[in-house]
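Structure first, commentary second.
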Amino acid sequence: MVTCQGLLIFLFLETSYASSCPDVCTCSPSNSQPLKVDCSFRELETLPLIPNSTQELYLQHNNLESIPAGAFDYLQGLNVINLSSNPWHCDCGLWYLKNWMEDQAGGLHSSGVKCSSPPSLRQKPMSELTNELTSCSSPTKCCFDFLYIDAFLLVLVTVWFSFLIGSFMMVKKIKFIMKI
């Protein structure tokens, strides 16, 4: 089981080292700004590490069914993205991508991103998904929730040990007083 701390360290290392062009993609111009990363028509099933400085990202015509949560958050300079013609599986696993595209306020071209499955959502544009993903909007545990729970447990254990030690000292003191 991966802990939240381990996941955060993994994500940090992955994003901090994503500075070169992925082997499966073509980048141009090489080693300069703005960076255009073309990963289209590569039959990709998973998203490769995309360089932080990417301004144009082309992922169309692959076999991507979902995008991991947080995968695009570090691409602050991204101006163009093409995610069309992928077999997107429109379930809770795609909630991040849908919300991320909406947060881009129309700055990125997202037309052509359509569901391939489940069958009830086939060919439905992702931008039109609303009620279909309502079960996904329920609050989920995030690392901060675990941090608060850990902090609460630490305080609780500290108070309990303090009470235990204080009780032990009082018992010792009472025994000592009773002997005199």
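The values are calculated or read from the model by the stated rules, or taken from the named source; none is laboratory data. Here the structure is a predicted model, which is why all the values come from computation and not from measurement. All Cβ positions, glycine included, derive from the backbone under ideal geometry; neighbour counts span all protein chains shown. Surface areas here come from the heavy atoms of the whole protein model, side chains and all, with no ligands, DNA or RNA. Shrake-Rupley method; radii C 1.70, N 1.55, O 1.52, S 1.80 Å.
Leu147 versus (1) at pLDDT below 75; (2) closer than 25 Å to Glu43 by Cβ; (3) in a helix (DSSP H, G or I): which is the lone unmet condition?
Among (1) at pLDDT below 75; (2) closer than 25 Å to Glu43 by Cβ; (3) in a helix (DSSP H, G or I), Leu147 violates only (2).
Among the residues of the stretch 96-128 satisfying the criterion of being of a type in the set (A, V, I, L, M, F, W, C) and modelled with pLDDT under 85, which is most open to solvent (accessible area, probe 1.4 Å)? Don't jump to the end; show me each part of the working.
Step one: list which residues in the stretch 96-128 are of a type in the set (A, V, I, L, M, F, W, C), which gives 97, 100-101, 105, 108, 113, 115, 121, 126.
Then keep just the ones that are modelled with pLDDT under 85; that gives 105, 108.
Details: Ala105: 88, Leu108: 21 Å².
Residue satisfying both the conditions and the ranking: Ala105.
Pull up the stretch 162-180, narrow it to residues that are hydrophobic (A, V, I, L, M, F, W, C) and open to solvent by less than 100 Å² (accessible area, probe 1.4 Å), then point me to the one that is modelled with the lowest pLDDT.
Ile174
Which residues, counting only those in the stretch 37-69, are of a type in the set (A, V, I, L, M) and open to solvent by 10 Å² or more (accessible area, probe 1.4 Å)?
Leu44, Leu47, Leu49, Ala69
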